[in-house]
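What follows is calculated from the coordinates using simple rules that are stated; it is not laboratory data. Note that the coordinates shown come from a computational prediction; the quantities given were computed from them, not determined experimentally. Please note: Cβ atoms are built from the backbone with ideal geometry, for glycine as well, and neighbour counts cover all protein chains shown.
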Amino acid sequence: MTTTPAGGPSAPADNKATLRLSRLLKRPVADSSGESIGRLADVIVRLRGSDYPLVTGLVAAVGGREIFVPIDQVSSFDADPLRLSSARLSLRHFERREGEVLLRADVLGHRLIDVQNARLVRAADLELARDGQEWVVAGVDTRRRPRRLFGLLGPDSADEGGVFRDWHDFEWLIGHQSSALLRGPFARIRRLKPAQIADLLENASKEEETEILGRVHADPELEADVFEELDEDLATRLLGARTDEEIAAVLARMRADDAADAIAELPQRRRQPVLDLLPPGQRTKVLTLMGFNSTSAGGLMGMDFVALPTMASVGDALARVRESPLLQPEALTSVHAVDDDGGLRGVARLVTLVQSDPAAMLIDVSDTDPVRVGADTDITDVAVLMTDYNLITIPVVDDVRRLLGVITVDDVLEVTLPDDWRRREAAEPPDTRHGDAR
């Protein structure tokens, strides 16, 4: 059987000799004289970071036990039966070594991350390809096929051909700790948006959750962004399994409004200890937000926004936007002109600033009677106002018009959509199935 492996980074040099793992398993294993000694039970690989996994040996079932066969003792890996070059084999029972991955036991039939399509899929088959003198895992087939294809069809059947995608399109969820360090950082999963990783977690088993979060944890900013996107119940469960220090480390990097929601969902006995561990600035914001009703504008608003004195220049305002990379992008679409007491005197949209003379004063290009709401305004009323006036943000003020916070359109959408909106299948763009946009 041969197929043509998909091209990709560091693709195997010889793309002619390929094998399906499903057709190798249970194939007879013969010694150098051709006498059958057992059957192939598994294939062992070593992970090599961004390179294709290297086949290092076989597990053969011999006389009721599984033994290790080094790949250099296999004279013909793609033959039937598999022919060994030596008659001398250790008959000691096979024991997995640190960092070894077993393709049948660990990967075949297990789930992995389809990074290109941001979803969990199951490995129906794997493709092995010859790379010079070595064999590597080059492709993955995720299609479901009738069980009879693995047992009743002959090796030369036309149905044997499969559609394999490059191994680099996937992130493996192998599940055992000993190989985690050898896999290196989850570079491929970092191509995904936080909301996509959150969707993966919401569809993952507990073991898969642990593995995905373990790799995301290597990037604290990404981890915080993912927790902001998680379903509230799942976020509470995952945070609740951590220590107070670990929870505080995540919440310190989250938006204050999301952090306040997360703390409110913790058991009462854990709230104060976590609050005490937050950095002072974040703790102050969180405590302020927790003082408002969660169904009001005050409970929904964020406290990170851009505000400058009324007499600042347009150039100053644009510079402040450039210097605020950690602020939520939606919050940067408006700049607020405030007086010495923090009173809101005007709001300028970013597009207006870009189109204005940099030397002009901020107040002169601002809407001096902006749409605004009080902290106790109902969320539905906020949504109506933002819809009526086509607003991306809306400021929240107190009784003397001091600027308290800003509500962004994504915050309003999240609380006004149906409760089960996270479980709906996301709409795909029309070009999803045409070509590779990577």
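Listing for the model above:
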item: Gyration tensor (alpha-carbon) shape descriptor, region 211-265, a/c threshold 1.5; result: rounded
item: Total formal charge among the other residues, if their Cβ is under 11 angstrom from that of residue 66, Lys/Arg +1 and Asp/Glu -1; result: +2
item: Cross-link partners of residue 26 among aspartates and glutamates (Cα-Cα below 12 Å; sequence separation of 8 or more within a chain); result: 42, 80
item: Rounded Å value of the spacing that divides the Cα centres of region 195-250 and region 348-362; result: 40 Å
item: Value of D in µm² per second that Stokes-Einstein yields for region 239-335, Kirkwood Rh from Cα pairs, at 4 °C (1.567 mPa s); result: 88 µm²/s
